[in-house]
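Read-outs throughout are calculated quantities, based only on the coordinates presented, and are distinct from any laboratory measurement. These numbers were taken from a predicted model, which means no experiment stands behind them. Positions of Cβ are generated from backbone atoms using ideal geometry, with glycine treated the same way; all protein chains shown enter the neighbour counts.
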Amino acid sequence: MRHAHALRVGPVGFRIGSAWRAPVAALRALYAGYPAPDDGVADLVVRLHPERPWRRWLRPSVAISGDFWLPDAAPLPLAQGLLAAEMGMNLQVALGWRRHLLLHCSAVERGGRVLLMSGASGSGKSTLATLLALSGWRFLGDEFAFVGLDDGRVDPFPRAASLKNEAVAAVRAAGGVVVPVLAGTPKGTIGYWRPPGGAIERMAEAALPRLLLFPRFGEAESVEPMAPSEAFVRLTQASTNYVALGQPGFEALTRLVQSVPALAVGYPDSAAGLALVERLWGAV
């Protein structure tokens with residue numbers, strides 16, 4: 001492709017190619033300081049291209065493909081090219097990665113142990129992970145948790161955190177810098193928070209999980225212990241490669257839910273959520 005950028009995030013090397021300069025320039029700015037893929041060879045490739053040759057110039061729209069693609073995915077306007085690049089990176093990991101058990105979780109670390117948070121869009125997991133990172137926790141990622149198939153350790157994947165709608169204001173109010181902000185996307189307003197340098201420098205340092213939370217934003221405060229069997233079922237639904245991994249995936253997920261306590265928690269706002277996390281962390 002005419003324009004390209006390569007980078008490594010945690011264990012994954014990416015090469016993102018684009019028919020347009022702007023998406024790659026935005027990606028370079030957001031991921032400045034991230035290393036290149038090991039030995040210069042990318043594990044996964046993203047392509048941003050027009051669906052028809054004339055759509056490169058006439059009402060340009062960005063289609064997403066690469067090593068893996070979804071045939072019915074709708075293209076995005078060129079103004080949202082950075083979002084297309086981010087979605088492409090997510091897609092390649094979700095469909096192509098087999099070296100870890102992938103869980104759709106946010107993850108932060110403190111004292112050498114990991115807090116995992118899993119939930120549907122709007123549950124607040126990305127906002128909580130970002131706010132915890134701003135208060136001193138190490139940010140491991142807000143999209144995927146990479147769980148080791150043999151040792152159960154969580155490998156960092158500290159991509160820029162994707163914050164939606166009200167979360168942008170919440171993180172800014174806590175002192176976080178959120179740029180750029182894209183309005184009118186299919187998911188509303190999306191802003192990107194870049195992890196601090198320490199999270200990037202330490203992204204080869206894996207750690208064992210200590211607590212698993214299933215948060216629910218906008219509810220009365222509550223804490224409900226969750227049986228390992230229920231946590232197992234929920235996490236199979238939150239994994240993009242559990243079925244493809246077969247026996248190793250089953251064993252890794254079984255180890256996780258049997259060794260890490262799981263709680264379903266409700267909280268009314270971000271301040272209450274942070275206080276609740278700190279209290280629960282201190283109790284395990």
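Annotations
- Shape descriptor for the range 118-196: Rg over Rh equals 1.00 (Cα atoms; Rh from the Kirkwood inverse mean 1/r).
- Length-normalised contact order for the range 45-118 - Cα pairs under 8 Å, 6+ apart - percent: 24
- Annotation: the chain has a Kirkwood hydrodynamic radius of 19.3 angstrom, from the mean reciprocal C-alpha pair distance.
- Kirkwood Rh, angstrom, the range 68-136 [1 / mean 1/r, Cα pairs]: 14.5
- A simple charge model with +1 on the Cβ of Lys and Arg, -1 on the Cβ of Asp and Glu and nothing else charged puts the dipole of the range 91-178 at about 80 debye relative to its Cα centre.
- Taking packing as the residue-averaged number of other Cβ atoms within 10 angstrom, the listed peptides 210-223, 95-108 run from highest to lowest as 95-108, 210-223.
- Per-residue [θ]222 nm for the chain (sum of -39500 (n - 2.57) over DSSP H runs n ≥ 4, rounded to 500): -9500 deg cm²/dmol
- Extending 7 Å from Cα along the Cβ direction at Ala244 and again at Glu205 yields two label points whose distance is 3.1 nm.
- The range 125-280 - Kirkwood radius from inverse mean 1/r over Cα pairs (Å): 16.7
- Charge dipole of the chain (Cα centre as origin; +1 on each Lys and Arg Cβ, -1 on each Asp and Glu Cβ, all else neutral): 900 debye, rounded to the nearest 20.
- Modelled label positions at Glu219 and Leu58, each set 7 Å beyond Cα in the direction of Cβ, lie 5.1 nm from each other.
- Net charge over other residues, Cβ less than 15 angstrom from the Cβ of Trp193 (K, R count +1; D, E count -1): +2
- Measuring r between the beta carbons of Arg110 and Ala173 and using R0 = 22 Å, the FRET efficiency lands at 0.50.
- Farthest toward the positive end of the dipole of the range 26-165, out of Trp69, Gly40, Leu131, is the Cα of Leu131, where the dipole comes from beta carbon charges about the Cα centre.
- The three principal axes of the Cα atoms in the range 202-243 give end-to-end lengths of 38, 29, 19 Å, sorted in falling order.
- Along its first, second and third principal axes, ordered by size, the range 4-91 spans 37, 25, 17 Å in Cα coordinates.
- Positive-end residue of Ala271, Gly17, Val114, charge dipole of the chain with Cβ unit charges: Gly17
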